[in-house]
């Protein structure tokens, strides 16, 4: 077992009289990849919104490397070490591919505003350093040759990978991937799987993954947590989840569309 990165205890949130997430518990260790699955509308994205400060939990608490995160604003959560991607891609579409990644290094920059205005030596030194770091990340995703492209001009699958690269640039301890394979064809999904494996081998970060592509989930996740109507109904190894009758019933028993708020 590695270092405990994420610990959520009895985490929950209510919207009026609706409990969107109820008594959610999870532990994720360094380098571990855990899947969070469930039928549409189960509350998966709401869990991500709780863990990233978009919503404040009305019950329970969660901790990153032992530090209590309740009450932190979204930018403070990122500074502490949690980064995410989204169901719907959120890039700076009019900026270049390289600029999208470099902007994530903003929290680490040491030069001051005067240094940037007057183009002092510290400015050029740090900009060159972060440019090289950004290009190294883009190489992982085979995007380094597109560094000067406008992000909005990339094909859909490459935009997905760029969003992950930008999240990695924050230097996170925990990466939350919200349906990264959504809208991808089988070739793009296979390439995404390769990239995720490289990320784990190179950075050793913890990953919590929401995904509806069950073949991807079963191939890559070490453990899986299943929620339905905001309640955890199963946890275990992929093979245990695949044969769990309660999980099977939950998936076969709903046709509702999942929404961002509440979900």
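The values are calculated or read from the model by the stated rules, or taken from the named source; none is laboratory data. This is a predicted model, so every value here is computed, not measured. For neighbour counting, all protein chains shown are included, and Cβ atoms are generated from backbone atoms with ideal geometry for every residue, glycine included.
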Does region 8-22 contain any residue that is touching a residue at least 60 places away in the same chain (Cβ under 8 Å) and under 18 Å from the mean Cα position of the chain (by Cα)? no
Result of the Cβ filter at 7 Å on region 121-148, keeping first residues that are closer than 15 Å to residue 96 by Cα and partners that are outside any helix (DSSP H, G or I), at least 6 apart or interchain, is 134/169; 135/147; 137/169; 138/147; 146/154; 147/96; 148/96
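Listed here are the residues, each with its yes/no results for (1) in contact with a strand residue (DSSP E or B) (Cβ under 7 Å, 6 or more places away or on another chain); (2) surrounded by fewer than 20 Cβ atoms within 10 Å (Cβ to Cβ).
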site: 157; (1), (2): no, yes
site: 160; (1), (2): no, no
site: 166; (1), (2): no, no
site: 174; (1), (2): yes, no
site: 180; (1), (2): no, no
site: 185; (1), (2): no, yes
site: 203; (1), (2): no, yes
What number goes with the only condition from (1) at pLDDT below 95; (2) within 30 Å of residue 56 (Cβ to Cβ); (3) surrounded by 15 or more Cβ atoms within 10 Å (Cβ to Cβ) that residue 232 does not pass? (1)
